[in-house]
Ligand code: ATR
């Protein structure tokens with residue numbers, strides 16, 4: 001260890017499942033940095049104290065995962081993205097000030113940019129499935145890119161209505177049974193629900209979400225990355241539609257933290273993707 005070692009970590013409870021050390025470790029090696037990225041298992045009751053001592057522990061910053069994302073927002077100077085999402089996943093020390101952002105927004109956008117370049121050119125209507133925390137990041141990102149009509153379909157319609165309260169009239173709550181009619185006008189379909197995730201029920205592609213109704217130019221994105229190729233993405237590909245997957249979003253959301261802590265903007269490479277895919281397949 002040298003005195004110049006730059007350190008960051010992921011803080012969670014539990015934290016063993018986090019892929020962040022694999023991702024950041026790959027970039028540290030690739031750029032030959034004198035840096036380290038570690039896991040910190042911190043109980044909820046100890047989180048505030050841990051964060052207050054971040055600099056003393058030698059950390060330049062941290063990722064924050066469950067269950068600390070809301071607490072992180074309250075403890076740091078949060079940017080617009082973190083405030084809009086209502087949760088922070090990335091912390092960094094800026095001089096003496098602890099700052100926070102939510103990188104899911106740019107993870108979602110950068111992944112679409114990489115997988116479906118030009119996806120928002122002339123995009124008038126997007127259809128978002130789900131109205132939880134992930135949907136807030138997606139809706140905020142779509143608004144940033146100027147999408148003027150964002151239909152939000154959710155099993156619990158009141159949560160979709162709450163997104164309209166939060167983000168304004170571009171958001172149009174949509175009862176779940178009305179998805180089939182809405183698909184015809186959707187240039188982008190994004191699943192932010194847990195449906196389709198390993199161990200969860202599937203999205204009902206035969207009934208609720210007849211993908212054949214999407215326009216031919218539509219793009220389909222899924223935030224689920226286990227399995228890597230969800231039934232939604234497989235069906236979209238069979239139809240010849242462009243897609244963006246959840247693993248891509250996970251990798252792209254990691255870029256900003258790395259550049260904030262270590263001063264280098266890393267690339268999401270095929271090699272990194274293969275590394276994380278292999279790890280997901282092994283566990
Ligand atoms: P996150 O913060 O990861 O988005 P969340 O806030 O728990 O997680 O949101 C999960 C989303 O998946 C919600 O939109 C949820 O719908 P409800 O708001 O009606 O709960 C959706 N979801 C989860 N299980 C579902 C199911 N079996 N059918 C339909 N939607 C489901």
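In the set (1) touching a residue at least 60 places away in the same chain (Cβ under 8 Å); (2) touching a strand residue (DSSP E or B) at 6+ places or on another chain (Cβ under 7 Å); (3) in a loop (DSSP other than H, G, I, E, B), residue 221 fails one condition alone, (3).
Selection over the stretch 170-193 of residues that are exposed (fewer than 15 other Cβ atoms within 10 Å of the Cβ) and within 25 Å of residue 247 (Cα to Cα) gives a count of 0.
If you go through the stretch 258-271 and keep only what is buried (at least 17 other Cβ atoms within 10 Å of the Cβ) and closer than 25 Å to residue 4 by Cβ, you end up with 258, 260, 261, 262, 266. Given the structure, is residue 273 away from the ligand (no atom under 16 Å from the Cβ) and not assigned by TED's automatic domain parsing to the domain that holds residue 61? Considered against the rule, which asks whether it is away from the ligand (no atom under 16 Å from the Cβ) and not assigned by TED's automatic domain parsing to the domain that holds residue 61, residue 273 comes out as no.
Looking at this structure, is residue 201 within 16 Å of the ligand (Cβ to nearest atom) and in a helix (DSSP H, G or I)? When the stated conditions are applied, residue 201 does not pass them. Of the strands (runs of 3 or more DSSP E) lying entirely inside the stretch 57-167, not one carries at least 3 residues that are under 29 Å from residue 16 (Cα atoms) and within 11 Å of the ligand (Cβ to nearest atom). Residues that are assigned by TED's automatic domain parsing to the domain that holds residue 120 and within 16 Å of the ligand (Cβ to nearest atom) are absent from the stretch 234-243 altogether.
The values are calculated or read from the model by the stated rules, or taken from the named source; none is laboratory data. Not measured: the values here are computed from a predicted model. Methodologically, a virtual Cβ is constructed for each residue, glycine included, from the backbone with ideal geometry; neighbour enumeration extends over all protein chains shown.
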